[in-house]
Structure formats: C-alpha cells, structure tokens
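Everything below concerns the one structure shown next.
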C-alpha cells in the first residue's frame, strides 16, 4: 500500500521548493554548486548570529552571567534560554563544518555529458514544470475545475 504525500501547508511548501530546486538545477554540477552554496550561507548566517549573541549576552564559556532578580517568571528563564540557544548554535556550526568536510568529496566527482543529460531527463520527470500548458490542462481535468469551457454545474 503506497502512502499518500502529506497535504499540510508545511509539507506542500517543501514539495514545491523541492521540485523547484530540481527544475532549476537539473544537472549533477548544478546540484553540487547549489548544495555547497546553501551550506555556506547557512554556516555564514548561523556563525554571524552566534557572534552577535555572544557580544550581546557574553560568551558562555568565558562569562558567567550575574544573577538578576527577575520582575516576572518569563524573564527569569531568559539568560538560561539564551545560553542554551548559543550552545545550540555552536553545535549547529560544528555539524555544518562536518557536513562541509563530507561534501567536499562530492566535488571530486565528475561525470560525462551523457550522465549530465540523464540528470536533466530524470529531473524533468521528477519535477515537471507546473506552468507547462499540458500539465495545467491535465490538472484542470483531474480536478474537474469549473473553469473548463465544457463544464456544466
């Protein structure tokens, strides 16, 4: 029994983005470059945010925050929550660095043009252009939309 894809908004957004990335980057080389750029942008942003938080709240390894008498319970947890968030960002950055080391191996792979063409062919099958006229027509037929000229309510 095959499982139907999830229809929640988050999953639908993921499916659309997944297909878009395949359509716009249908070769091995393009996928390599896309993934490398995404990894580097993630590392850059996460690293910069961590630096800013460490400047603002102090480095968790070198600074112990002074105890503060909170006005309410919500602010009492803020220093602990911020220290935990900074520790989590440090872990994320360490994981991203490990992924980067593994991904460098991907760039060692070069394939002949015939294989790149197979990538483009399969990409078209996996993620056909949703705005293709034939696909739009098929979708309307499958969904019995009222915008068909011969559809009578």
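Where residues in the stretch 51-103 are at pLDDT below 85 and assigned to a helix (DSSP H, G or I), which of them is farthest from residue 37 (Cα to Cα)?
73
Name the one entry in 111, 122 that is over 25 Å from the mean Cα position of the chain (by Cα) and either modelled with pLDDT of 85 or more or outside any helix (DSSP H, G or I) (or both). Write out each step before concluding.
Numbers: 122 fails: over 25 Å from the mean Cα position of the chain (by Cα).
Criteria check complete, one pass: 111.
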Unmet criterion (only one of (1) farther than 23 Å from residue 100 by Cα; (2) surrounded by 13 or more Cβ atoms within 10 Å (Cβ to Cβ); (3) at pLDDT 90 or above) for residue 21: (1)
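The values are calculated or read from the model by the stated rules, or taken from the named source; none is laboratory data. Since the model is a prediction, treat every value here as computed from it, not as a measurement. In this analysis, Cβ positions are derived from the backbone assuming ideal geometry, glycine residues included, and neighbour counts consider all displayed protein chains.
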